Amino acid sequence: MKHRVVALVGPPQEMYPVTCAAAVFGCHGPDIPQHYDFRLCAERPGPIRTTMGADIVVTDGLEALAEADTILIAHWCAGPDISAELGDAVLAAHTRGARIVGICSGIHIPASLGLLDGRSAAAHWEVADELGRRYPRVRADATVLYVDHGDVATAGASATTVDLCLNQVRREHGAALAMRIGRQLSAAPHREGCQRQYPALPTTGPVPDSLAPLLDWISANLDRPLTLEDMAVRSGISPRTLSRHFSEQLGISPGRWVLDRRIAGTRALLEETDLPVETIAQRVGLSSAVNLRRRFHNALNTTPAAYRRSFR
């Protein structure tokens, strides 16, 4: 049975996060397995006003939440004043094991229901202070892209929807499938939740150039021994400046970003090939099977052999 994803929408609906989720969880053609079924529901079915200036027609009501495995809340929720019917439906779904995903202001619903009490949550930087005041037991974090606790996940901005949805695919069906879907969508390399929502702008001087060309080059050359100096030469700036740009734009160091890509490549090769660990280590630039096993265990708390058994 396919995993049922239900997006809860309501007026005025911003369509971007909904279409992003549909792009990840929808059909990708005969060459990519389809493990998800995606549909919409609304508290009041019928025409739903959107921010595009055109209505969408939603036929399913809250009863759809009773069958959902994942509930994506992406409509602009004004605050904690949700109806008892909506609150009861979301709580009942969570109690039976459904995953609750709040995008942008959709965080208000799980927060108001107590599902984020004592937990961190990704919040858009414009509303983080307000969320902190309304829900003092929620640790609203305006610096990260998303936070995924498994049963409840939050994304601070609409543009993070693809990253959070691909992270769910990766958790449930492995990195290889997530990478295949991401490539089909022409998405950027998967962003970890700890990366920054937005770059910090300098107080003087020009805005730092995008790191995208360098990140693409790194991803295409993972088999090489890449040093900070190599990346700095490629970028035409000093190693110190490059490290600062990574910190400002991604919130992590260059070495951490490269290691994350190498671990992602390792996971994909373990899932899709029978290559020995030593060969995989050479292909992803981790030099040896011993080093790969150590890095892999530190990142995922499991061994390459156990991971391969789980996802092959």
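Can you tell me how many residues within segment 222-274 are surrounded by fewer than 20 Cβ atoms within 10 Å (Cβ to Cβ), within 30 Å of Thr302 (Cβ to Cβ) and among the polar types (S, T, N, Q)?
Within segment 222-274, residues that are surrounded by fewer than 20 Cβ atoms within 10 Å (Cβ to Cβ), within 30 Å of Thr302 (Cβ to Cβ) and among the polar types (S, T, N, Q) number 4.
Name the single residue, out of those in segment 40-59 being under 16 Å from Ala93 (Cα atoms) and not small (Gly, Ala, Ser), that is surrounded by the most Cβ atoms within 10 Å (Cβ to Cβ).
Applying the first criterion (under 16 Å from Ala93 (Cα atoms)) to segment 40-59 yields 40-43.
After this cut, where a residue has to be not small (Gly, Ala, Ser) as well, the list is 40-41, 43.
Details: Leu40: 20, Cys41: 22, Glu43: 18.
Per the criteria, the residue is Cys41.
Hey, any hits in segment 113-124 for a residue that's over 26 Å from His3 (Cα atoms) and surrounded by 16 or more Cβ atoms within 10 Å (Cβ to Cβ)?
yes
Report those helices (runs of 4 or more DSSP H) wholly inside segment 245-312 carrying at least 2 residues which are within 28 Å of Asp141 (Cα to Cα) and aliphatic (A, V, I, L, M). Quick ask: steps written out before the conclusion?
On the way: elements: 254-272, 277-284, 289-300, 304-311.
Per the criteria, 254-272, 289-300.
Looking at (1) surrounded by 13 or more Cβ atoms within 10 Å (Cβ to Cβ); (2) of a type in the set (A, V, I, L, M); (3) at pLDDT 90 or above, which is the one condition that is false for Val290?
Going through (1) surrounded by 13 or more Cβ atoms within 10 Å (Cβ to Cβ); (2) of a type in the set (A, V, I, L, M); (3) at pLDDT 90 or above one by one, Val290 breaks only (1).
Residues in segment 242-265: is at least one of a type in the set (A, V, I, L, M) and free of Cβ contacts under 8 Å to residues at least 12 places away in the same chain?
Taking segment 242-265 as the starting set, the residues that turn out to be of a type in the set (A, V, I, L, M) are 242, 250, 252, 258-259, 263-264.
With free of Cβ contacts under 8 Å to residues at least 12 places away in the same chain added as a condition, the list becomes none.
No: zero hits.
Let's see how each residue does on (1) at pLDDT below 90; (2) of a type in the set (A, V, I, L, M); (3) over 13 Å from the mean Cα position of the chain (by Cα):
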position: Met179; (1), (2), (3): yes, yes, no
position: Gln195; (1), (2), (3): yes, no, no
position: Pro206; (1), (2), (3): yes, no, yes
position: Ala212; (1), (2), (3): yes, yes, yes
position: Ala232; (1), (2), (3): no, yes, yes
position: Phe246; (1), (2), (3): yes, no, yes
position: Gln249; (1), (2), (3): yes, no, yes
position: Ala264; (1), (2), (3): yes, yes, yes
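Within segment 139-154, track down each residue that is more than 17 Å from Ile252 (Cβ to Cβ) and in contact with a Ser or Thr (Cβ under 6 Å, 6 or more places away or on another chain).
Arg139
Could you tell me whether segment 135-156 includes any residue that is in the same structural domain as Phe25 (by TED's automatic domain parsing), in a helix (DSSP H, G or I), touching a residue at least 24 places away in the same chain (Cβ under 8 Å) and not hydrophobic (A, V, I, L, M, F, W, C)? Show your work before the answer.
Kept after step one, since they are in the same structural domain as Phe25 (by TED's automatic domain parsing), are these residues of segment 135-156: 135-156.
Now drop any that are not in a helix (DSSP H, G or I), which leaves none.
The answer is no, given that none of the residues of segment 135-156 is in the same structural domain as Phe25 (by TED's automatic domain parsing), in a helix (DSSP H, G or I), touching a residue at least 24 places away in the same chain (Cβ under 8 Å) and not hydrophobic (A, V, I, L, M, F, W, C).
Write out, first by first residue and then by second, each pair whose Cβ atoms fall under 6 Å of each other, whose residues are 6+ apart or on separate chains, and whose first residue, in segment 266-294, is in the same structural domain as Pro304 (by TED's automatic domain parsing) while the second is among the hydroxyl-bearing types (Ser, Thr, Tyr) and surrounded by 13 or more Cβ atoms within 10 Å (Cβ to Cβ).
These pairs meet every condition: Leu270/Tyr307; Ile280/Thr266; Val284/Thr266.
Could you tell me whether segment 158-174 includes any residue that is part of a loop (DSSP other than H, G, I, E, B), surrounded by fewer than 19 Cβ atoms within 10 Å (Cβ to Cβ) and in contact (Cβ under 8 Å) with a residue 40 or more places away in the chain? Full working, then the answer.
Here is the first cut: in segment 158-174, the ones part of a loop (DSSP other than H, G, I, E, B) are 174.
Keeping just the survivors that are surrounded by fewer than 19 Cβ atoms within 10 Å (Cβ to Cβ) gives none.
Within segment 158-174, none of the residues are part of a loop (DSSP other than H, G, I, E, B), surrounded by fewer than 19 Cβ atoms within 10 Å (Cβ to Cβ) and in contact (Cβ under 8 Å) with a residue 40 or more places away in the chain.
The values are calculated or read from the model by the stated rules, or taken from the named source; none is laboratory data. The model shown is predicted, which means the values in this text are computed figures rather than measured ones. In this analysis, Cβ positions are derived from the backbone assuming ideal geometry, glycine residues included, and neighbour counts consider all displayed protein chains.
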